[in-house]
Amino acid sequence: MSYEIVFLVLDECVALSVYGPIDLFHSANKIAKYGKTPQPDSVDIFTTKIVSLDGNPVKMAGGHILNVDGALKDINSPSVLVFAGLTTDDPQSLIYRVQEQAPDILNKLESLTSNTIIAASCTATLLIASAGLLDGKSATTTWWLEPIFQEYYPLVQLESDEVLVQSGNVVTSAAGASSLDLTLYLIHKLAGAHIARLCARLMVIDNARHSHWTSVVALHENNRDPFIEKADAWIRKQPLGECKVDNLAEALGVSSRTLLRRFQKALGESPQSYIQHIRMEQAKSQLESSDISIVDLAIKLGFSDENAFRRAFASFNGLSPSQYRKQFNRYHH
C-alpha cells in the first residue's frame, strides 16, 4: 500500500519542517525495499509532494526559493496533509498572517475526506487553529506561542508540555525540530514500528530525541488502546530487573499467547521488545542525568552482567553506554 504525503508551504516556511520529513519518508522507503528481504521493484510506501496556496514558488525563511509541485486546490485527499512551520519575529504579526490565509486553507480542507491526517508542527499549529480544525480538540504548539495561542483559540485544549498530540485525524507537534518526531510517528502509524525505529537509527537522529520519540509513540499509541495503556502502566511500576512477560500476562489476566497477539496488533512488536525499549529509556535517562556506574546500572535494569547490558544498549542506540554518557550528560567531564 502506498501513502501520499502532501506538504503545504507558505512564504517564510522553515526548511527543516519540509526537507527533514521528506528525507525521513524517503529513508523509510529504502528500508522497506532493502531490508532483510530486498524487494527493489516494490512500490514505495510513501510518495511526497509539495504544494503552495497558489502553485507558485515560495521564499523560505533562509531566503532560498522553493519550487512546488502544484497548488493546494488541485490536491485530492492525500493520506497526510502536512503544514510546514513558519518563522516570525513577532507572534502577533504571525497571528494576523495566518488568520488572513485561513479562509483559503479552510475551503480546501472542507473538501478532504476524514481519512486524511492533518499534521502540523511548531508555528504551523496556528494555521490549522485559525482554520477551526482544532476547536474542541487537544493540541500542542511551540512553547513561546502558548500565551497568544490560548488568547486567540480558547476552544483548543492546549497541552503545551507534550511533544506530540493526536486528536482525531489531527496531529500536532511542538517546536521546530519536533517535525522529525511527528514524521517518525506518522511512519510508525502508517508503516509500522519496525520501519520507524530503523529509520530513526539510519538517519542518526540523536539519541536524546530518539528516547523522547519512543516515549511519544508509546504514549499516543497507548491512548488509542486501553489494553496497551494498562500494560504500559504496569511495566513502568515494576522494578525493570524483575519485569517478566509471563508476569505481565498474569497481571492483565490473559495468556502469554494473547498478550503477544495484542502487542503485535497494536504496536507491531512483542511485549519483550516493548519492555526492552522502556529499559533503554531508563538507561539513557540515568546516563544523561547521573553518575551511576555502568555495572550498577546494568544490575539495576536486570541484565545478567555488564557486557550483556553494553551489547543491548549499543544495539539499540548505536552508541556504547560510555559514549552516550559522554555525548549527552552535561555534567560529564
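General observations
- Subset of the range 46-62 (residues that are under 18 Å from Gly20 (Cβ atoms) and in a loop (DSSP other than H, G, I, E, B)): Met60, Ala61, Gly62
- Selection from the range 257-307 of residues that are at pLDDT 90 or above and charged (D, E, K, R): Arg257, Arg261, Arg262, Asp296, Glu306
- Of all residues in the range 51-65, those satisfying the criterion of being surrounded by 15 or more Cβ atoms within 10 Å (Cβ to Cβ) and under 18 Å from Thr88 (Cα atoms) are Val58, Met60, Ala61.
- Test: residue in the range 105-123 that is among the charged types (D, E, K, R), under 27 Å from Ala191 (Cβ atoms) and not in a loop (DSSP other than H, G, I, E, B): yes
- Near pairs, Cβ below 7 angstrom, 6+ apart or cross-chain, from the range 223-248 (modelled with pLDDT of 85 or more) to any residue that is in a loop (DSSP other than H, G, I, E, B): Ile235/Cys243
- When we screen Ala312, Ala266 for residues that are closer than 25 Å to His194 by Cα and either within 22 Å of the chain's Cα centre (by Cα) or loosely packed, with under 15 Cβ neighbours inside 10 Å (or both), the only hit is Ala266.
- Test: residue in the range 74-96 that is crowded, with 20+ Cβ neighbours inside 10 Å, in contact with an Asp or Glu (Cβ under 8 Å, 6 or more places away or on another chain), of a type in the set (A, V, I, L, M, F, W, C) and touching a residue at least 24 places away in the same chain (Cβ under 8 Å): yes
- Of the residues making up the range 126-145, those that are touching a strand residue (DSSP E or B) at 6+ places or on another chain (Cβ under 6 Å) and part of a helix (DSSP H, G or I) are Leu127, Ile128.
- Any hit, the range 26-44, residues being touching a Gly at 6+ places or on another chain (Cβ under 9 Å), farther than 15 Å from Ser179 by Cβ and in a loop (DSSP other than H, G, I, E, B): no
- Filter result for Ala102 (assigned by TED's automatic domain parsing to the domain that holds Val171, within 30 Å of Ala193 (Cα to Cα) and not in a loop (DSSP other than H, G, I, E, B)): no
- Summed over the range 288-323, the residues that are within 17 Å of Gly241 (Cα to Cα) and in a helix (DSSP H, G or I) give a count of 15.
The values are calculated or read from the model by the stated rules, or taken from the named source; none is laboratory data. Keep in mind the model is a prediction, meaning the values are calculated, not measured. Backbone-built Cβ (ideal geometry, glycine too); neighbour counts: all protein chains shown.
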